[in-house]
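Trainee: Below is a structure I'd like to ask you about.
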């Protein structure tokens, strides 16, 4: 899907909710406080904690693998993509 199409769809979704009913539309301080709480709970970003980044990436990979193993069509797509990538990598580079 093109970026323009995604933007168009997102705008429609945002416009469907009246401004007064959007989360934190009326209270910026409440929005900031909620963001701080969410950051504390999630542990923030991975910039300063490489071990946490590795752990989360591993868990995500395992979860994705479990999902894909239960979806034969997706597994075929992944295998085909992997084979195509190998074929491109093995092609000689012309100078």
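Trainee: Which of the numbered conditions does residue 33 fail, given that it passes all the others? Conditions: (1) closer than 30 Å to residue 14 by Cα; (2) surrounded by fewer than 10 Cβ atoms within 10 Å (Cβ to Cβ).
Mentor: (2)
Trainee: Also, I was wondering about something else. Does the range 23-45 hold any residues that are touching a helix residue (DSSP H, G or I) at 6+ places or on another chain (Cβ under 8 Å) and either at pLDDT 75 or above or more than 23 Å from residue 57 (Cα to Cα) (or both), and which are they?
Mentor: Of everything in the range 23-45, those that are touching a helix residue (DSSP H, G or I) at 6+ places or on another chain (Cβ under 8 Å) and either at pLDDT 75 or above or more than 23 Å from residue 57 (Cα to Cα) (or both) turn out to be 23, 24, 25, 26.
Trainee: For the range 51-95, which residues satisfy the criterion of being surrounded by 10 or more Cβ atoms within 10 Å (Cβ to Cβ) and assigned to a loop (DSSP other than H, G, I, E, B)?
Mentor: Correct list: 71 only.
The values are calculated or read from the model by the stated rules, or taken from the named source; none is laboratory data. Predicted, not measured: the structure shown is a model, and the values here were computed from it. Counting neighbours? That spans all protein chains shown, and the Cβs are built from the backbone with ideal geometry, glycine included.
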